[in-house]
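Novice: Please find one structure pasted underneath; my questions will follow.
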Amino acid sequence: MNSEQVFGGGEPQRVGSFRFFLDGQRWEWSDTVAQMHGYTPGEVTPTTELLLSHKHPEDKPHVARMLDRLITDAEPFSSKHRIIDTTGNIRQVVVVGDRMHDDTGAVIGTTGFYIDITDSHRSDVKDSVDETVAALEQSRAVIEQAKGALMLVYGITADRAFDILTWRSQKSNTRLRTIAERIVLGFTDLETDTDTGLRTRFDHLLLTAHQRGPRPR
């Protein structure tokens, strides 16, 4: 799978995409995700077994259960865990996936992305909508607000949050400001009294923001 073109010279080094097809249980990953695992682009064909072999032993049982649900039902997911690359280095990553549909609306697999947060990992991720919205109100620019949402939900730096916004903008062919505005608008609409966790609902919002309607005038 070729690397997405972002910033004119390839996607951000810390953000990469993947796809999983139920038919044939086939994986595709971008050059950046391959590099996160220590491979050169095109060096290997990703498989479920290969992905699991790179998971940190302490995180592997959790990830294995997540992958089983993904393979069986294409279930949306979000996970923060560690991977070990081919040189033995440990990377902290956030992996987010949502259902992938064909032209008829049928579920054909999962699509999503990896975020390498090794250099910006925080153990505590805020999960209170009220606290997050209050923090966002301190920033006037909508792009800064969207960055703030990403930082608080995923526990990442401002630079990494901007990488993700730019990547989603390029991937969906949508203006950066439009993506940011729809993320902020959708974020404030997230309900707290549901069984689904905030981060899971935010994952879906991030992956589908370009499909949302514009902000009411």
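Novice: Only one of these conditions is not met by R201: (1) under 13 Å from the mean Cα position of the chain (by Cα); (2) modelled with pLDDT under 85; (3) not in a helix (DSSP H, G or I). Which number is it?
Specialist: Every condition holds for R201 apart from (3).
One line per residue, one yes/no per condition, for (1) in the same structural domain as H101 (by TED's automatic domain parsing); (2) in a loop (DSSP other than H, G, I, E, B); (3) not hydroxyl-bearing (S, T, Y):
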residue: W27; (1), (2), (3): yes, no, yes
residue: T32; (1), (2), (3): yes, no, no
residue: Q35; (1), (2), (3): yes, no, yes
residue: G38; (1), (2), (3): yes, yes, yes
residue: E43; (1), (2), (3): yes, yes, yes
residue: P57; (1), (2), (3): yes, yes, yes
residue: P61; (1), (2), (3): yes, no, yes
residue: A64; (1), (2), (3): yes, no, yes
residue: L67; (1), (2), (3): yes, no, yes
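Novice: Considering each residue of region 150-192, count those that are aliphatic (A, V, I, L, M), touching a residue at least 40 places away in the same chain (Cβ under 8 Å) and surrounded by fewer than 19 Cβ atoms within 10 Å (Cβ to Cβ), and give that number.
Specialist: The total comes to 1.
Novice: Across region 37-58, which residue is farthest from R91 (Cα to Cα) among those that are surrounded by 17 or more Cβ atoms within 10 Å (Cβ to Cβ) and touching a His at 6+ places or on another chain (Cβ under 9 Å)? First the steps, then the outcome.
Specialist: Of all residues in region 37-58, those surrounded by 17 or more Cβ atoms within 10 Å (Cβ to Cβ) come to 37-39, 46, 51, 54-55.
Narrowing the set further to residues that are touching a His at 6+ places or on another chain (Cβ under 9 Å) leaves 37-38, 46, 51, 54-55.
Details: H37: 9, G38: 11, P46: 18, L51: 14, H54: 10, K55: 10 Å.
That would be P46.
The values are calculated or read from the model by the stated rules, or taken from the named source; none is laboratory data. In this text the structure is predicted, and so the values were computed from the model without any measurement. All Cβ positions, even for glycine, are placed from backbone atoms using ideal geometry, and neighbour counts span all protein chains on display.
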